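The values are calculated or read from the model by the stated rules, or taken from the named source; none is laboratory data. Keep in mind that this is a model prediction, so the values were computed, not measured. Heads up, the Cβs are rebuilt from the backbone with ideal geometry, glycines too, and the neighbour counts pull from every protein chain shown.
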Amino acid sequence: MTLSGIPKKIVDRARSMLAREERGEQHRQPVELLKGMPAAPEPVLLPAAHWRPELHPKKAVAQLKVNGMRAFYVDNRILTRQALPLDAALHCLPALHRMERDYGCRMVFDGEYFNQSYEQTMADHKAGYGEGVFWLFDAVPYEQWVRNEFNQTLEERLERMSLFFRHKEAFLGMLEPWSVDKDTAIHTAMSMWQQGHEGLVIKDATSLYHRGRTKDWLKLKEAQNGVGVILDAVINDGKLKTLIVRVGGQSHRVSAMPTDIREAVLSSAANWQGRRVAVQWNDTTATGKLQGARILRAVRKED
């Protein structure tokens, strides 16, 4: 053991002991149907909800996108976005209780559970035990949540949450909101990427809480680039609907492309089969499908 390694080991041991102390005798939460279901438990990004300047809300706030596991506190429980028990975060429960008492009414807290990395977070969930942090990004009264009727804007909810957030909690964090316009949003995101973060979620500051798919949230993640091979073209009524492109051993439908490529494929689709194209995308699904994919240009043979 090196001297430089001693402090971290001591901190890690103390954190582990505190997590066990906060968790107490709670081991597993039962799987139960929540009052207020079957409505979706929390807001969910639309699959194609990727930020672009023309989609930027008139009044927007940005919050860090934590690459963990979506979590929410409701009715004295911590659950996943599918309303299943998230037992790995049970050590966060006492801190959430304390914050709920400060509000003075039953609350639903929406956030992300994260422990060091996405892989470690998933390992926590599988084991049913963890030492991560519940990162808050929203809070609504329980009675409104049950009825699925809300009356406060995001801006008002965040202002209220900042009043009650306890900064000394070891296992509870708050994702600070930043006011951004369409010009500063990308620069803020670039700063986060440089620090190793996944990106931002841009939200409409005037929006009400909305359970289920929402257009009020937009992901701003660093674009990824690759080279794909055109397998086929889908043409209906003389219009090119989409290209089937193989990227990384998997086929994907890509509809966004420059006008010159679209016109060239329409004029001679057979000649474009097997051609390489530069592809850019914003995200991938759990099954590896590209999200927000677009073709940038044709790749020359010499490239």
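Each row is one residue, and each column tells you yes or no for (1) without any contact (Cβ under 8 Å) to a residue 40 or more places away in the chain; (2) assigned by TED's automatic domain parsing to the domain that holds VAL180; (3) not in a helix (DSSP H, G or I).
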position: LYS58; (1), (2), (3): no, yes, yes
position: ALA88; (1), (2), (3): no, yes, no
position: GLU131; (1), (2), (3): no, yes, yes
position: LEU136; (1), (2), (3): yes, yes, yes
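For (1) touching a His at 6+ places or on another chain (Cβ under 6 Å); (2) surrounded by fewer than 19 Cβ atoms within 10 Å (Cβ to Cβ); (3) aromatic (Phe, Trp, Tyr), each residue gets a yes or a no:
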site	(1), (2), (3)
ASP181	no, yes, no
TRP193	no, yes, yes
GLY196	no, yes, no
ILE202	no, no, no
GLY212	no, yes, no
ASP216	no, no, no
LYS219	yes, no, no
GLN224	no, yes, no
VAL227	no, yes, no
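The rows are residues; the columns are (1) within 13 Å of ILE230 (Cα to Cα); (2) loosely packed, with under 15 Cβ neighbours inside 10 Å.
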| residue | (1), (2) |
| --- | --- |
| ALA270 | yes, yes |
| ALA278 | yes, no |
| THR285 | no, yes |
| GLY288 | no, yes |
| VAL299 | yes, no |
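So which residues in region 145-159 are touching a residue at least 40 places away in the same chain (Cβ under 8 Å) and either of a type in the set (Phe, Trp, Tyr) or under 26 Å from LYS35 (Cα atoms) (or both)?
Result: TRP145, VAL146, ARG147, ASN148, PHE150, ASN151, GLN152, THR153, LEU154, ARG157, LEU158.
Between residues in region 14-28 that are under 13 Å from LEU93 (Cβ atoms) and residues that are modelled with pLDDT of 85 or more and not in a helix (DSSP H, G or I), which pairs lie under 6 Å by C-beta distance while being six or more apart or on different chains?
Qualifying pairs under 6 Å: ALA19/GLU131.
Any residue that is at positive phi and out of contact with any helix residue (DSSP H, G or I) (no Cβ under 9 Å at 6 or more places or on another chain) - is there at least one of those in region 250-260? Walk me through how you get there before you give the answer.
Of the residues in region 250-260, the ones at positive phi are none.
Scanning region 250-260, I find no residue that is at positive phi and out of contact with any helix residue (DSSP H, G or I) (no Cβ under 9 Å at 6 or more places or on another chain), so the answer is no.
Considering region 275-297 alone, what residues qualify as being in a loop (DSSP other than H, G, I, E, B) and over 11 Å from VAL245 (Cβ atoms)?
ASN282, THR285, ALA286, THR287, GLY288, LYS289, GLY292
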